[in-house]
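**Q** Input: one structure, supplied below.
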Amino acid sequence: MIKRILIYVSLFFAIASANAEQTRFVMSAPNAVEMGQQFRLTFTLNDRGSNLQLPPGLTSNFDVLMGPSTGQSTSIRTINGRTTTEVTFSYTYILRAKSEGNFEVRPATIEVDGKVVESNSFKIQVVPAQSASQQQQQQAPQGGQNGQSSKSVDLGGDNLFLRVEMSKQNVFRGEQIISTVKIYADPNIPISGFDEVNLPTYEGFFTQDIEIPNQINFTREVYNNRIYQVGVLKKTVLFPQQNGALTIKPFSMTLLVQQRVRPRSFFDDFFSGIQTARTTITSKAVRVNVKDLPTQPANFYGGVGNFSVSSEISAEDVTTNDAVTLKFTVKGSGNLRLIRNPELKLPSDFEVYDPRSTENIQVTDNGASGSKTVEYLFQPRFEGDYTIPSISFAFFNPATGTYETRSTQEYTLHVEKGTGEQAATMMSSRQRENLQLLGQDIRFIKQGNPVLRMKGTTFYGTLFFYGIYGATALLFLALFIIYRKKARENANVALMRNKKASRVAVKRLKAAAGFMKKNDDEAFHEAILKAFWGYLSDKLSIPVANLNRESALAGLREKSVDEEQINSFVEIIEQCEFARYAPSGGSQARTELYKKAAATMSRLEKQIKR
């Protein structure tokens, strides 16, 4: 009876705990706003609640202009045949900051089934309001029509720019730095795509890239007391390899920016007003000061960071000529890939082989960390007791600015004489080619019937000799002629690109077919665009940087391509560019587009060649 009561009580508390965990009360708002700007403060609750209490002290820093506006939404999910329904209630307030600064919004509360539930807290930064002159710089230029414009537009250095953000700019040689390449855009400037991207080169650094999503996600960030939409283009872990001042040179990229055109009439304002403009932005140079390491101890093998070491031996009781493996492992964060293999001092009676190292390194936003393992392989040749010395490993710790030493343990190796002749024992398949035969260094005279030939005869001067000599000369002459012909063709870059244009385009179309099967809509249309632009660049001998719709159409007409094929090419390009920024018609539309692209490419190839 008591056992049953305990089971019921446990079930009651388990159900109550589950219900408590299922109640979610979330408060959200922008992390940064301008002074005088209105913004939304939203609360979402997955259960029906009452008596919502705003965070304490909220009204002392913000004016509540409106609210709460309530809403309700229902979502239905089916997982493994089980359908669940969730109802979400929302409460929205319109706020406006009273003053500039950084504020922490404390949790709000609401009652659910008689219980008080708290929301999360968050921080919000209020920056000065943008001046009128800055707002005017973002307005679009006059003129232009809907669609693509090849005209370059200067949007101002404070509205759209590139920046290389370094985690540190004063470091020791070999110390890791996190470099983040970011693009900053005013929230009123919509970026529709990238036309040409040149990322920075890090001369003087050993680099390891940090994996980031292929799709750029823009987030709000405050920089120089102003709010921007910020996207991360690349993250890299840098290890400086030189002393002194290292400079990350400026780099540039060309963007496609959608801007509203000033209307010329009532109808222009009703139907459109958007044009896509090209603008090129360039980053500023970034300087990193690299200090040299202090005088290095003898047991320093290039490690800069924070590490620990350990070791492991395969056996301590062996027989002569048995293979013994000692594993040395260094773990931690730092320049693991640049650490040299430590020296292991072994007795002279051992047969020693080259060490082999393996690495297990992860590169994240916190830098490079993981482990490096070095395997030392050796054979004792005589019986006895031997001491395998510890490995002393010194590394430089940038946090303390000093060298620190870690050592492994010593091992005592007991070797007994093996049974039989084991001098020719093979240790393992991976080291078999390195082994030597011991105890067999005296060879017997070769026995058997030798092959003898008459003294005084020679191959030189025979008819067969001159035949081989002549054939070799002819072969050399033929190869020389072929080589000169190929060299002349390769020197003509435009000709080679023209010849290979069709094959390269077919490969890119095959890549598009692969993306089509995977239902990767964005990559599919990107591959179709690359196939056509690359094909026309090679066929028309127009550099990619100067290739646009106008130059492509002019080149095709110069090659006497039919207008029907030119119109088909234009339709494909427009459909792909539209699909990159708007949902496409599904798999059927992609299949039809792929067939049309392949047919158009084939007809263009025939008409350009004629």
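Just so it is clear, none of the values below were taken in a lab; they were calculated from the coordinates. Since the model is a prediction, treat every value here as computed from it, not as a measurement. All Cβ positions, even for glycine, are placed from backbone atoms using ideal geometry, and neighbour counts span all protein chains on display.
**Q** If amide hydrogens are placed 1.01 Å from N in the peptide plane, which non-local residues have theirs closer than 5 Å to the one on PHE251?
**A** Here SER283 satisfy the definition.
**Q** Also, I was wondering about something else. I want to check the label-to-label distance for ALA487 and THR74. Put each point 7 Å from Cα in the C-beta direction and report it in nm to one decimal.
**A** Those two pseudo-labels are separated by 8.1 nm.
**Q** Then there is this: Name the residues whose placed amide hydrogens come within less than 5 Å of the amide hydrogen of ASN306, ignoring near sequence neighbours (fewer than 5 apart) on the same chain.
**A** Those qualifying (amide H under 5 Å, at least 5 residues apart or on another chain) are SER333.
**Q** Classify the range 330-424: rounded, prolate or oblate, from the alpha-carbon gyration tensor (a ≥ b ≥ c, eigenvalue square roots; a/c under 1.5 rounded; otherwise prolate if a/b is larger than b/c)?
**A** Values: a/c = 3.72, a/b = 2.25, b/c = 1.66.
Prolate.
**Q** With labels modelled as points extended 7 Å from the Cα through the Cβ direction, what inter-label distance (nm, one decimal) is found for ASN214 paired with GLU343?
**A** Each label point lies 7 Å from its Cα, and together they span 4.9 nm.
**Q** Any aspartates and glutamates with Cα under 14 Å of the LYS291 Cα? List them, leaving off those in the same chain fewer than 8 positions away.
**A** Qualifying aspartates and glutamates at Cα under 14 Å: GLU175.
**Q** Here is a follow-up. Among 327-338, 364-375, what's the highest-first ranking by average C-beta atoms within 10 angstrom per residue?
**A** Values: 327-338: 19.4, 364-375: 17.2.
In descending order of packing, they fall as 327-338, 364-375.
**Q** In the range 285-348, which GluC sites (Glu not before Pro) are in a loop and have at most 14 other Cβ atoms within 10 Å, using DSSP for the loop call?
**A** Details: sites: GLU312, GLU316, GLU343; in loops: GLU316, GLU343.
Passing both the DSSP loop test and the Cβ count: GLU316, GLU343.
**Q** If R0 is 51 Å, what FRET efficiency do you get for ARG603 and PHE206 from their C-beta distance, rounded to 0.05?
**A** On the way: r = 50 Å, r/R0 = 0.98.
FRET efficiency, ARG603 to PHE206: 0.55.
**Q** Follow-up question, since we're still on this one. For the pairs LYS559/LYS595; LYS507/LYS606; LYS98/LYS182; LYS485/LYS510; LYS182/LYS510, note any where the Cα-Cα span goes beyond 21 Å. Display every interim value, and only then the final one.
**A** On the way: LYS559/LYS595 24 Å; LYS507/LYS606 18 Å; LYS98/LYS182 31 Å; LYS485/LYS510 32 Å; LYS182/LYS510 33 Å.
Beyond 21 Å: LYS559/LYS595; LYS98/LYS182; LYS485/LYS510; LYS182/LYS510.
**Q** In addition: Extending each Cα 7 Å along its Cβ direction at ASN243 and LYS123, get the distance between those two points in nm, one decimal.
**A** 3.9
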